[in-house]
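Let me begin by presenting the structure, written as structure tokens, before commenting on it.
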Amino acid sequence: MFKKFLTIILPVFCLYAMQAQTTQPSGWKYHSINNIGLLEGQAGSAFQLQTIHGVQYKSWFAGAGIGIDYYKFRGLPLFVDCRKAFSLSKNILFVYGDIGIHYNWMTEKQKNNNGYFSGGDFRNGIYTDAGIGYEIGTSKKDAFLISAGYSYKALNETYTDYTPLAYDGPPVLSKNHYGLRRLTIKMGWKF
């Protein structure tokens, strides 16, 4: 599915990049980017919220972000966001990449794994997100954003499995690794 996505988006990206303007304003600018998004993957659908704050220099942007991610296990991703714009006109094509840590913020039901285990010990994991987007300027400072990308979050669980007790054995310490891959579509506001 991701290969099909790249097959469609990559030619559009290349054509737009060839038409990009070469004039760039000088100086640093502060921006806040606030997104709401839909995550879709093998574990179903969920939504996410993000706020990113950082600085732009010419066509490059770098900032720090935090979000709420409800996909499979609720969590708080804390990440670094980098973006490259391919024009500095009112409407802009851009690519972005995020990397950081997914902090667990699970519900009690998620922690207890629906009652089958003794309540797992979950450890934080990696968070990544990369994609392409389009920025539609609404004024000199504000813009509406829409983007699509691929996101990954991971976490590890250690739990006590009491199943062997039914067979006259001691409880077993078990581990699960969750690597959650998903497509993301986001809409946002930049000011």
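Within the range 81-93, which residues are part of a strand (DSSP E or B) and either in contact with a Cys (Cβ under 8 Å, 6 or more places away or on another chain) or among the polar types (S, T, N, Q) (or both)? Result: Asn91, single match. Restricting attention to the range 31-80, the residues that are outside any strand (DSSP E or B), more than 13 Å from the chain's Cα centre (by Cα) and of a type in the set (Ser, Thr, Tyr) add up to 1.
The combined condition, being modelled with pLDDT under 90, among the small types (Gly, Ala, Ser) and either closer than 15 Å to Ile36 by Cα or surrounded by 15 or more Cβ atoms within 10 Å (Cβ to Cβ) (or both), is not fulfilled by Gly133. Tell me whether the range 170-183 contains one or more residues that are within 14 Å of Asn35 (Cβ to Cβ), modelled with pLDDT of 80 or more and surrounded by 16 or more Cβ atoms within 10 Å (Cβ to Cβ). No; the residues of the range 170-183 include none that is within 14 Å of Asn35 (Cβ to Cβ), modelled with pLDDT of 80 or more and surrounded by 16 or more Cβ atoms within 10 Å (Cβ to Cβ).
Contact annotation: residue pairs with Cβ atoms under 8 Å, 6 or more positions apart or on different chains, pairing a residue in the range 55-71 that is under 27 Å from Ala43 (Cβ atoms) with a partner that is in a loop (DSSP other than H, G, I, E, B) and modelled with pLDDT under 95, are Ile68/Arg74; Ile68/Trp105; Tyr71/Ala43.
The values are calculated or read from the model by the stated rules, or taken from the named source; none is laboratory data. Here the structure is a predicted model, which is why all the values come from computation and not from measurement. Methodologically, a virtual Cβ is constructed for each residue, glycine included, from the backbone with ideal geometry; neighbour enumeration extends over all protein chains shown.
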